[in-house]
1. At 7 Å along Cα-to-Cβ for each site, give me the label-to-label distance between ASN153 and GLU90 in nm.
2. Please give the contour-minus-distance gain from ARG24 to THR118: 0.36 nm per residue of separation, less the Cα-Cα distance, rounded to one decimal in nm.
3. Using the Cβ atoms and a cut-off under 15 Å, what net charge is assigned to the surroundings of LEU192, where Lys and Arg are +1 and Asp and Glu are -1?
4. Using label points projected 7 Å from each Cα along Cα→Cβ, tell me how many nm separate ASN161 and ARG217, to one decimal.
5. How far, in nm, would the chain grow between GLN106 and PHE173 when pulled straight, counting 0.36 nm per residue and subtracting the alpha carbon separation?
6. Multiply the residue separation of CYS303 and GLU277 by 0.36 nm, subtract the distance between their alpha-carbon atoms, and state the gained length in nm to one decimal.
7. Charges on Cβ only, +1 for Lys and Arg, -1 for Asp and Glu, centred on the Cα centroid of region 161-240; of MET239, HIS204, THR177, which one is farthest towards the dipole's positive end?
8. What net charge is computed for the residues neighbouring LEU68, neighbours being all others with C-beta under 10 Å from the C-beta of LEU68, Lys and Arg scored +1, Asp and Glu -1?
Amino acid sequence: MQEKEKNKVGDADETMYVNGINPRLIKFVDLTADSQFKRVFATRGNEDMLLMLLNSILPEKHIRKISLREQDQIPDNRDERKSIFDINCESEDGQQFIIELQKANQKNFSKRLFYYSTFEPRAHIMAGEKDFDFPPIYVIGILDFILNDRKPNDRVVNRYNITNRDDQSVQLFEGLTYVTVELPKLNTDASLLTQEEMVLYTIHNSGRMQSRPTEFRGSDFDKLFRLINFASMCKNDQMTYLAELNEQLVRNEELQAALETGLNQGREEGREEGRAEGEARKALQTAAAFKAKGIDLQIIAECTGLTIEQIQQL
């Protein structure tokens, strides 16, 4: 009988490396990797996974059904920037949800969320609607870092609306909500998480997990951990993930090299500055000693490189 063809990277010899990465060491893929986040939550057929994610972020909405929409957002003219949402979806009652995952810290991420919120109202008007009766829009940023440009707090999920400055109970427009999910704020002890936080914890930690936490029970988690199990993925998905890991490793190495170059340059500049300061102090001390002995100021200036005015002030 012909030997079964090896169609998984994980079937390869355990000494095999792909782009410097040993696939045998990968149990679950990292869901903060862009390709894997979209594969699990933004792929048709996985709407149940997306529903679980949305209800973990906005449990009070009790969303029962969700459908994916076009991810590419075409600008009004060719001079404008095109945007591609990680996830663009709609609930059964017409509410719009735009989700963006951001792994690396980005200085202007809040402004980016605002930019994303402009597409749906424009599309509504372009479709011929004249009454400005926009559907409720939620713009959600899932962040693998903590926002530094907001007032710090311990809440993992924060919601923002356009409210009256003097009376925040009054909203200018109730149909627009910005949501930030700061994953590093999650409790590191899986046993202390709420049911909703377990999904977010999985996104934040899946790449480091070696087993599924016993607290994460239910059919939804059965499917989620089946989807992120590296060995169960098809070869194309495995190779896509390994390529993304390699790209991240290269970026990290380049960043580290740039940092070390900057540190070395700073040290050299510091040494040069220190030498210059030392030579200046020595010149002043020599000039002061010569001046005390009554040596002509012009001679002192020529010997030390100081000006007559500097020597006079000693």
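Read the figures in this text as sums done on the coordinates, not as results from a lab. This structure is a prediction, so every number in the text was calculated from the model and none was measured. Here the Cβ positions follow ideal geometry from the backbone for every residue, glycine too, while neighbour counts run over all protein chains shown.
1. 3.2 nm
2. Contour length minus the Cα-Cα distance gives 29.4 nm.
3. On the way: positive: LYS185; negative: ASP154, ASP189, GLU196, GLU197, GLU215.
Taking every Cβ under 15 Å from that of LEU192, the sum is -4.
4. Spacing of the two 7 Å Cα→Cβ label points: 3.7 nm.
5. Working: separation 67, 0.36 × 67 = 24.12 nm, distance 2.73 nm.
Extra length from GLN106 to PHE173 when fully extended: 21.4 nm.
6. Value of the extension gain: 7.6 nm.
7. Of the candidates, MET239 comes out farthest on the positive side.
8. Numbers: positive: ARG44, ARG69; negative: GLU47, GLU70, GLU90.
Once positives and negatives cancel, what remains is -1.
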